[in-house]
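Taking it in order: structure first as structure tokens, then the write-up.
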Amino acid sequence: DTADIQESPPSRPLCPICDDPLPETPSEELQAMLDWVKTVSKPSPVPDCPDHHTPNRLSNVIIVCERHKLESDIFPLAIAEGWPFNPDFGGLHSRVTALR
């Protein structure tokens, strides 16, 4: 009987808006956004995400969702490709001209 099957709890905390897993180490910026979005949304727990919130306005969550996607999907790809997270823009011009 599938009613008796219980899913294991998520290995990472879930987003209070979309219920998807958060990055393993959310940035301070994302964490601040998540804390803020909870102040402008209504708690509405669901079985899989007791910290779920329903936004009062969609515009309040768009930037939070974009940051969540960036840190969950894009940053891991960038890291895998060796992209710098703190590029040296001061030396960029000389590096580009050296390629000629």
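Bear in mind that the values in this text are calculations on the coordinates, not laboratory data. Since we're looking at a predicted model, the values are computed, not measured. Glycine gets a Cβ as well: all are built from the backbone with ideal geometry, and neighbour counts include every protein chain shown.
Could you give the radius of gyration (one decimal) and Dmax (whole number) of the Cα atoms in segment 6-100, in Å?
17.9, 61
Peptides 58-69, 74-85: what's the order by average Cβ count within 10 Å, highest mean first?
58-69, 74-85
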